[in-house]
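Okay, structure first, notes after.
The values are calculated or read from the model by the stated rules, or taken from the named source; none is laboratory data. The structure displayed is predicted, hence computed values, not measured ones. Glycine also receives a Cβ, built like all others from the backbone with ideal geometry; neighbour counts cover every protein chain displayed.
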Amino acid sequence: MYYKAITHDRSGAEETSSMIKEVVTAVLVGLALPAAAQAQSGQDDDAMVCRPPQQLPGQRVYGPKVCKPRRVWDDLHRQGLDISADGQSVGESEKFRTFHCPSGAVTC
């Protein structure tokens, strides 16, 4: 199937102006979306956030789904901590160990 090229009866200056407006609009929308998401997440500190079950170390079974208020998860992650797969104990998060421990170290 062949497609016809779309032709416009605009002058070069009008076309350039139109393209600039489209680019500026796209940039402004792109900047506004993350700010709106941050504002929304800041309002929902008490919203419950659930982590799906995680595989227990050395086993084929999964631990429980863990639900905590967003504020609790944020506090834990700020300290480099996370709730383990068993859903009860708190320990260093994998992400924290990956970025802060020397390679090959057993513990930080």
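Examine segment 42-56 for a residue that is assigned to a helix (DSSP H, G or I), at pLDDT below 90 and surrounded by 10 or more Cβ atoms within 10 Å (Cβ to Cβ), and state whether such a residue exists. No, segment 42-56 has no match at all. Cys67 falls short on exactly one of the conditions (1) at pLDDT 95 or above; (2) exposed (fewer than 10 other Cβ atoms within 10 Å of the Cβ), and that condition is (2).
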